[in-house]
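Worksheet: one structure, shown below.
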Amino acid sequence: MQNKNAVVTNFLMHLHPKTVNMQAVKFTRTFGLGGINALLFVILATTGLLLRFSYVPTPNDAYNSILSLQNNSIFGSLLRNIHHWSAILMVVTAFLHLLRVFYTGSIYYERKKNWYYGLALFALVLAFNFTGYLLPWDQLSFWAVTIMTNILEYIPFIGNGFASLIRGGETVNGNTLLNFYNFHTALLPLLFVVFMVIHFWLVRKAKGVTVANNTNKITVKVNPDLIRKEIITALVLLVSILLFSIFFDAPLLEKANPLVSPNPSKAPWYFMGIQELLINLHPVFVSSIIPILVIIFFIYISKLQINKDKIGVWFYSKEGRKIIIVSAIFASILVKVLTISFEYFINLSTLNIPLYISTGIIPLFMYLIPISVFIFYLKFIKKANKTELVLALVTILFTSYLVMSFVGICLRGDAMHLIF
C-alpha cells in the first residue's frame, strides 16, 4: 500500500519541478491558460460522459433526446449548458493560449516541437467543437455543418471523396450524425489525451514556462506558491461556468429540416471567418491554397533563429509591442475596406476571364499587395528586424480572421448581405 502511495505522490510531484523562477509564478506570465484548457477538457469529458446516457445518435431521436434531457431529467438542462459553454470557452482559451505562447517567443529552439503539438491540439479543439456542433440535430447545427462540409468538396482532386467520407454520403444525413458522434466521443478524446500528455511532458522537459534570461533568478517553491494559484484559478473557473450555465441556456432551434434552409445559413462561429472569406474568394483558394500556406507559415516561423535573451519577453521588445498595435490597426482597416468594396463597388465575377483569376488571384493580391507595402515600410522605414516582421505578419493574419469573423457573425443578414 505504501509503495502505491509513493508512486502516486511521485507522479503528482513530477508534473512540476520542485522550484520555479519567481517570474513564472506570476499570473500575468501565462494567465493560467494551459491549465484552464486542461481543466475544461476534464469538465467536457465528465459532462459528455453523463450526456451519453440520454443521447440517441439517430436523426429521428437525437433532437427529441435533447428535449427530454432538458425537460425531464433532473439538472439535465444545466448539464447540457455546462457542456456547451465549456466547449465554447475552450475554443477561446485555446486560441488565447496560442497567442500567449507566440507573443512570448516560446516557440523557438527546444520549444519548437511543442509549438507543433500546440497547433495540433488547437486543431483538435476545433474538431471537437465541430463534431459536437451537429449532435443536437437542430436547424442551426444541421445547416452549419452542411456549409462546412460543402466547402471540403472544393479541395482539388480529393474534395468530393473526402467530403463524402466525412458525411457518410453525398449530403448531411444519419451517417454523418453517427460519424460525428463516434469522432466526438471516441477518436478525438483519445487523440487529445495523447497529444496533451506529450504537450505537458515537453513543457516539463523544457523546465516550465519561459521567462526572459535577464529576469531575476530568484526561485520559489512550487508548493504552495504555484499550486495555490492553480487551485484558486480552477475554483474561479468552475464557479464562473456554473453561474453562467444557470442563467444562460445553450441554444436549440427547431428540429433539423433538410428541405428548409435558414436565411442566412451560417457556419459555426469559429469558422465564420472562412465563410466570410468564401463570399469574395474562389472556393479552391479558401478550401486548400490559403490553409496550406498558413500551415507552412506557422511551421516556418518556429525555425527562425532569434536572440535567446528575447525568449520569454512579451512582444519581443518595446518596439515589437508598437509594431503589433500598428499591425492590428492596419489589418482591421484593410479588411473593412475590402469587405465594403467587394459588397458595394467591386464585382470581379463579371470580368470576362477565368473565375480562378477574377475571384481568386485578383482579390488575393488586393489583400497581399497592401500588406507587402506595409511590411516594406516596417523593414526599411521603421528598421524592423526579421522577428519583428514575423510579429507583424502573424498579427495581421490573426486580426484579419477576427475581423472577418465579426463581420460574418454580426453584420451579415439575409442572403449574407451586409447589414448595419
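The values are calculated or read from the model by the stated rules, or taken from the named source; none is laboratory data. Worth saying up front: this structure is predicted, and the values here are computed from it rather than measured. Every residue, glycine as well, gets a Cβ built from its backbone with ideal geometry; the counts of neighbours run over all protein chains shown.
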Check on PHE330, in a helix (DSSP H, G or I), farther than 19 Å from ILE290 by Cβ, in contact (Cβ under 8 Å) with a residue 24 or more places away in the chain and not acidic (Asp, Glu): yes
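May I ask you to list the residues in the range 285-321 that are within 30 Å of GLU153 (Cβ to Cβ) and of a type outside the set (Phe, Trp, Tyr)? Step through it out loud before you land on a result.
Here is the first cut: in the range 285-321, the residues within 30 Å of GLU153 (Cβ to Cβ) are 285-300.
Scanning the range 285-321 gives VAL286, SER287, SER288, ILE289, ILE290, PRO291, ILE292, LEU293, VAL294, ILE295, ILE296, ILE299.
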Restricting to the range 386-420, name every residue that is buried (at least 16 other Cβ atoms within 10 Å of the Cβ) and not hydrophobic (A, V, I, L, M, F, W, C). THR387, GLU388, THR395, THR399, SER400, TYR401, SER405, GLY408, ARG412
Filtered residues of the range 154-178 (kept if surrounded by 16 or more Cβ atoms within 10 Å (Cβ to Cβ) and either in contact with a Gly (Cβ under 9 Å, 6 or more places away or on another chain) or not β-branched (Val, Ile, Thr) (or both)): TYR154, GLY159, ALA163, SER164, ARG167, GLY168, THR176, LEU177
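Taking the condition within 18 Å of the chain's Cα centre (by Cα), under 26 Å from ILE289 (Cβ atoms) and in contact (Cβ under 8 Å) with a residue 40 or more places away in the chain, does TRP115 pass?
Spelling it out, TRP115 is indeed within 18 Å of the chain's Cα centre (by Cα), under 26 Å from ILE289 (Cβ atoms) and in contact (Cβ under 8 Å) with a residue 40 or more places away in the chain.
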Of everything in the range 377-417, what is more than 18 Å from PHE330 (Cβ to Cβ) and not in a helix (DSSP H, G or I)? Give them in sequence order. ASN385, LEU411, ARG412, GLY413, HIS417
Do we find a residue being over 25 Å from GLU254 (Cβ atoms) and either touching a His at 6+ places or on another chain (Cβ under 6 Å) or without any contact (Cβ under 8 Å) to a residue 12 or more places away in the chain (or both) anywhere in the range 140-152? no
Of these, PHE200, PHE192, PHE157, which one is assigned by TED's automatic domain parsing to the domain that holds ASN60, modelled with pLDDT of 95 or more and not aliphatic (A, V, I, L, M)? PHE192
Pairs, please: C-beta under 7 Å, at least 6 apart or cross-chain, first residue over 26 Å from LEU397 (Cβ atoms) and in the range 346-370, second polar (S, T, N, Q) and surrounded by 13 or more Cβ atoms within 10 Å (Cβ to Cβ)? LEU351/SER358
Count, please, the residues in the range 130-177 that happen to be of a type in the set (Val, Ile, Thr) and over 22 Å from the mean Cα position of the chain (by Cα). 4
Condition first: within 19 Å of ILE232 (Cβ to Cβ), surrounded by 15 or more Cβ atoms within 10 Å (Cβ to Cβ) and of a type in the set (Val, Ile, Thr). Now tell me which residues in the range 17-51 satisfy that. VAL20, VAL25, THR30, ILE36, ILE43
Is the range 276-287 home to any residue that is surrounded by fewer than 12 Cβ atoms within 10 Å (Cβ to Cβ) and within 30 Å of LEU177 (Cα to Cα)? no
What is the one condition in (1) surrounded by fewer than 16 Cβ atoms within 10 Å (Cβ to Cβ); (2) of a type in the set (A, V, I, L, M); (3) modelled with pLDDT under 95 that VAL337 does not satisfy? (3)
